[in-house]
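To keep things clear, I will list the structure first and then write my remarks on it.
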Amino acid sequence: MLIPMPTDIMTRKVVTVKTDTPILDALELIAKGDVSGLPVVDDDMNIIGILSEKDVISLLYIEEDEQEKTVADFMTQPALYFEESESLLDICDFLKKNVFRRVPITSNGKLVGIISIRDVIEFILRLRGRVPLSAYSAQQ
């Protein structure tokens, strides 16, 4: 059996934000996109950091005016990422051993995709001849 590559399972249409994105706009993207985090990129799609649900949970009790807060005030940096040529097994080991639920995928340092734990689970189901529920729901 051929070892799958990150490009075989990664999500290519990645929702991203910039450092100057207002934090409440980023929260809306997380909520509407049903994602647990967003890569933070510059104009050339270089990864600067990542904004996760955990990074913004302090907004519940922050007393400062959040209208002036941006992604830069909350993001985690540097972002950890893998190149698209790296082993999918290494990425799975990374996700298993760390608290991260997703990892950006790059090509020559530029963001080209993201792999989440859910992507891996759905790939396992496809390998075993099972249709993931997300594919079933999309057909309805």
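The values are calculated or read from the model by the stated rules, or taken from the named source; none is laboratory data. The shown structure was predicted, so the numbers you read here are calculated from the model rather than taken from an experiment. Backbone-built Cβ (ideal geometry, glycine too); neighbour counts: all protein chains shown.
When you look at LEU60, is it touching a Leu at 6+ places or on another chain (Cβ under 9 Å), surrounded by fewer than 17 Cβ atoms within 10 Å (Cβ to Cβ), of a type in the set (A, V, I, L, M, F, W, C) and farther than 24 Å from ARG118 by Cβ, yes or no? No, not satisfied. Each residue in segment 90-117 was checked for being closer than 15 Å to MET10 by Cβ and at pLDDT below 90, and 2 pass.
Considering segment 7-26, and only residues there that are over 22 Å from GLN77 (Cβ atoms) and not aliphatic (A, V, I, L, M), the residue that is farthest from the chain's Cα centre (by Cα) turns out to be ASP8.
Scanning segment 34-63 for residues that are of a type in the set (Ser, Thr, Tyr) and within 11 Å of the chain's Cα centre (by Cα) returns SER36, SER52. Among the residues of segment 40-98, just one is touching a residue at least 40 places away in the same chain (Cβ under 8 Å), over 30 Å from PRO4 (Cβ atoms) and small (Gly, Ala, Ser), namely ALA72. The helices (runs of 4 or more DSSP H) located wholly in segment 1-102 that include 3 or more residues which are out of contact with any helix residue (DSSP H, G or I) (no Cβ under 7 Å at 6 or more places or on another chain) and farther than 22 Å from VAL120 by Cα occupy 23-33.
If you go through segment 108-125 and keep only what is of a type in the set (D, E, K, R) and free of Cβ contacts under 8 Å to residues at least 60 places away in the same chain, you end up with just ARG118. Is it the case, given these coordinates, that ILE105 is of a type outside the set (Ser, Thr, Tyr), surrounded by 14 or more Cβ atoms within 10 Å (Cβ to Cβ), free of Cβ contacts under 8 Å to residues at least 40 places away in the same chain and farther than 20 Å from ASP25 by Cβ? No.
Annotation: of all residues in segment 6-39 being among the charged types (D, E, K, R) and in contact (Cβ under 8 Å) with a residue 60 or more places away in the chain, the one that is nearest to THR70 (Cα to Cα) is ARG12.
For segment 23-42, how many residues are crowded, with 18+ Cβ neighbours inside 10 Å and either under 15 Å from THR11 (Cβ atoms) or β-branched (Val, Ile, Thr) (or both)? Total meeting the criteria: 8.
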